[in-house]
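Sharing a structure here in C-alpha cells format.
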Amino acid sequence: MALLLKTTKQIEAQLDQFLDIVSDAAMLFQLGMEDYLLERNAQFEERLSQIREKEQKADDLRISIERYLYERTLIPENRGDVLAILENTDEVIDNIKDSLLQFSIEMPEIEQSLDDLWMQTTRASVSAVEQLVCAVRSFFNDLPAVNNYMHKVFFFEREADHLGEKLRRQIFALPIDLARKSQLRWFAIHIEKISDYAQAVCDRLAIYTIKRQL
C-alpha cells in the first residue's frame, strides 16, 4: 500500500480490516440465506445482527481512514481515488444488509422447489463480492493482479444474472397468485443486485488502475 500512499502501518491495517469486514458480510449473507431457506429463524436473525455490526464497523473504519487521508496523506492526487474506492465498497455492505433486512421484515414464503436455484444465485453474487475484495487489495499492493480479479467479478456478475433469470422464470411458472410471484421476483432481483454493486465498484476500479499505470 505504501507504493500508492505514504501511510503508516496503522492505516494499512485499517484498510485490511475494512476489506475483511466486506468479505465477512458477504459470507454471512450467504449463511443467512441458507438459514432462511431451512427456516432456522433464530439463526437467520443472528446473521442479520452480525451483518449490522459489520456494517457499523465498516462505516467507522471508513470514516477513520478518510480523516487520516485528508489530514496526513502526502500524495493528494491519489487520495480522491482511494476515498472513492472506500465509499463505493462500503455501499456493497449497505446493500447486503438492506437485502437481508427486507427478508426479516417481509418474511417471503419461498417455495422449496426454488431453494437450489435461489442458493446458486446467492453464491454467485457472494463470489462476485469476494473477488471484488481481492481486486481492491491488489489495487493497493499488487497492481498487476487487479485485472485478474476484476475479470472474476465480471464472470460471477454474469453468472448471477443468468441464474437470476432462470430463477425468475421458475417463479412465474409456479401455481401461486400473482402477488406472491411479484414479491419473490423482487427478492430474487435484489439477490442479483449484490453482484451488480460489486461490478459497479470494479468499473470504477478499472479506471483508477489505468490511471496508476500511466
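The values are calculated or read from the model by the stated rules, or taken from the named source; none is laboratory data. The shown structure was predicted, so the numbers you read here are calculated from the model rather than taken from an experiment. Cβ coordinates were reconstructed from backbone atoms using ideal geometry, including for glycine residues, and neighbour counts include every protein chain displayed.
Just need a number here: residues in the stretch 116-151 that are surrounded by 18 or more Cβ atoms within 10 Å (Cβ to Cβ) and over 17 Å from M33 (Cα atoms).
So the answer is 13.
From K193, K181, which residue is under 15 Å from L132 (Cβ atoms), charged (D, E, K, R) and surrounded by 15 or more Cβ atoms within 10 Å (Cβ to Cβ)?
Exactly one of K193, K181 is under 15 Å from L132 (Cβ atoms), charged (D, E, K, R) and surrounded by 15 or more Cβ atoms within 10 Å (Cβ to Cβ), namely K193.
Out of the residues in the stretch 160-208 that are over 21 Å from L37 (Cα atoms) and among the charged types (D, E, K, R), which is nearest to the chain's Cα centre (by Cα)?
D196
If you don't mind, there's one more thing I want to ask. Select from the stretch 65-76 the residues that are exposed (fewer than 15 other Cβ atoms within 10 Å of the Cβ) and assigned to a helix (DSSP H, G or I) and write down the one among them that is modelled with the lowest pLDDT.
Once the filter is applied, the top-ranked residue is P76.
List, please: which pairs have Cβ atoms under 7 Å, are six or more places apart or on different chains, and start with a residue in the stretch 33-53 that is under 15 Å from D98 (Cβ atoms) and end with one that is among the small types (G, A, S)?
Qualifying pairs under 7 Å: R47/G32; L48/G32; L48/S104; I51/A25.
Still on this structure, please answer the following. R52: within 17 Å of V133 (Cβ to Cβ), assigned to a helix (DSSP H, G or I) and not aliphatic (A, V, I, L, M), yes or no?
Numbers: within 17 Å of V133 (Cβ to Cβ): no; assigned to a helix (DSSP H, G or I): yes; not aliphatic (A, V, I, L, M): yes.
No: the conditions fail for R52.
Test of understanding: among S104, S113, which residue is out of contact with any Lys or Arg (no Cβ under 8 Å at 6 or more places or on another chain), over 29 Å from D16 (Cα atoms), of a type in the set (S, T, N, Q) and exposed (fewer than 14 other Cβ atoms within 10 Å of the Cβ)?
Residue meeting the stated conditions: S113.
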